[in-house]
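K.L.:
First the structure, which I've put down as structure tokens, then a few questions once you've had a look.
The values are calculated or read from the model by the stated rules, or taken from the named source; none is laboratory data. Since the structure is predicted, the reported quantities are computational estimates derived from the model, not experimental observations. FYI the Cβ positions are ideal-geometry reconstructions off the backbone, even for glycines, and counts take in every protein chain you see.
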Amino acid sequence: MRAVRNLILFVLIGFIAFILLGWYSGFFHRTKVGMETIGPYYAIYKTHIGDYNHSRQLQDSIRDVLWELGIENYKTFGIFFDDPAKTDYDSMRSFIGRLIPNDQLSKTDRLPPGYQLYTFKQQNAALVSLPYVNQFSLYAGIYRAYPCIRDFAKAQGYAASPIIEIHDPDIDLRFILPIKKISSK
């Protein structure tokens, strides 16, 4: 009887700890889509084909290369083209990289092969911004933001396109959907 009571207590404490971690990480944060004019952004990226879970390692290696070249880069960047629920993990396509400030563009001519410059021009976009406090915030953000921003785009008649993720480790996670109206034929 004592073992059952201890097991129940252990499960209850674990559940409460999980709920508190989720609350602290932003899992229960209100997800609201806003319209903003954003950009321009500049990112150094590499094309990646494969499981999105490997994005972090690629972003870290790009970060190291950029710092060795003297290029400031504090924010991560990603464009994920395929839905993991509908695509084989080995076939998922993405651009993975790091944002760089405008004043660092002159240093990009020294990039190694395979590194490319992505320019996100100033434009209107649907945006979800969530707090970033730890790695769990990223998973909570993806779980909360993607369905919310896709539902918003569908309801407003905007074309589906890949969502751009920008992570500022000191501030927030931004999920950005560039706005394009669906053409009526």
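K.L.:
So, of the residues in segment 18-48 that are in contact with a Gly (Cβ under 8 Å, 6 or more places away or on another chain) and buried (at least 19 other Cβ atoms within 10 Å of the Cβ), which turns out to be farthest from R93 (Cα to Cα)?
P.N.:
Filtering segment 18-48 for residues that are in contact with a Gly (Cβ under 8 Å, 6 or more places away or on another chain) and buried (at least 19 other Cβ atoms within 10 Å of the Cβ), the one farthest from R93 (Cα to Cα) comes out as G26.
K.L.:
I'd like to know if segment 151-169 contains one or more residues that are surrounded by fewer than 18 Cβ atoms within 10 Å (Cβ to Cβ), under 18 Å from K32 (Cα atoms) and charged (D, E, K, R).
P.N.:
yes
K.L.:
Kindly indicate whether any position in segment 99-120 is within 23 Å of A145 (Cα to Cα), touching an Asp or Glu at 6+ places or on another chain (Cβ under 7 Å) and touching a residue at least 60 places away in the same chain (Cβ under 8 Å).
P.N.:
Checked segment 99-120: no residue is within 23 Å of A145 (Cα to Cα), touching an Asp or Glu at 6+ places or on another chain (Cβ under 7 Å) and touching a residue at least 60 places away in the same chain (Cβ under 8 Å).
K.L.:
Kindly indicate the residue of segment 153-169 that is touching a residue at least 60 places away in the same chain (Cβ under 8 Å) and either in a loop (DSSP other than H, G, I, E, B) or of a type in the set (V, I, T) (or both) and also farthest from D82 (Cα to Cα) among those meeting that condition.
P.N.:
P169
K.L.:
Does F10 satisfy the criteria of being surrounded by fewer than 19 Cβ atoms within 10 Å (Cβ to Cβ), aromatic (F, W, Y) and in contact with a strand residue (DSSP E or B) (Cβ under 6 Å, 6 or more places away or on another chain)?
P.N.:
The answer is no for F10.
K.L.:
Follow-up. Just to verify a result, which residue in segment 14-60, among those that are β-branched (V, I, T) and not in a loop (DSSP other than H, G, I, E, B), is modelled with the lowest pLDDT?
P.N.:
Of everything passing the filter in segment 14-60, I19 is modelled with the lowest pLDDT.
K.L.:
Something else now. Would segment 119-129 turn up any residue that is over 23 Å from P40 (Cα atoms) and in contact with a Gly (Cβ under 9 Å, 6 or more places away or on another chain)?
P.N.:
No.
K.L.:
Moving on. Give segment 142-185 a look and list any residue that's in contact with a Gly (Cβ under 7 Å, 6 or more places away or on another chain) and at pLDDT below 85, or say none.
P.N.:
Of everything in segment 142-185, those that are in contact with a Gly (Cβ under 7 Å, 6 or more places away or on another chain) and at pLDDT below 85 turn out to be K181, I182.
K.L.:
So, one more: Looking at segment 57-76, which of its residues are more than 12 Å from F95 (Cα to Cα) and not aliphatic (A, V, I, L, M)?
P.N.:
Answer for segment 57-76, where residues must be more than 12 Å from F95 (Cα to Cα) and not aliphatic (A, V, I, L, M): Q57, D60, S61, R63, D64, W67, E68, G70, E72, N73, Y74, K75.
K.L.:
So, of the residues in segment 49-58 that are within 15 Å of the chain's Cα centre (by Cα) and not hydroxyl-bearing (S, T, Y), which turns out to be surrounded by the most Cβ atoms within 10 Å (Cβ to Cβ)?
P.N.:
Filtering first and then ranking leaves L58.
K.L.:
Next question. For segment 172-181, indicate whether the set of residues that are in contact (Cβ under 8 Å) with a residue 12 or more places away in the chain, over 17 Å from G78 (Cβ atoms) and surrounded by 13 or more Cβ atoms within 10 Å (Cβ to Cβ) is non-empty.
P.N.:
yes
K.L.:
Hey, any hits in segment 136-144 for a residue that's part of a strand (DSSP E or B), of a type outside the set (D, E) and either within 17 Å of E165 (Cβ to Cβ) or in contact with an Asp or Glu (Cβ under 9 Å, 6 or more places away or on another chain) (or both)?
P.N.:
Scanning segment 136-144 turns up no residue that is part of a strand (DSSP E or B), of a type outside the set (D, E) and either within 17 Å of E165 (Cβ to Cβ) or in contact with an Asp or Glu (Cβ under 9 Å, 6 or more places away or on another chain) (or both).
K.L.:
Related question: Is there any pair linking a residue in segment 58-82 that is farther than 9 Å from G97 by Cα to one that is surrounded by 20 or more Cβ atoms within 10 Å (Cβ to Cβ) and small (G, A, S), with Cβ under 6 Å and at least six apart or on different chains, and which?
P.N.:
What qualifies is F80/S94.
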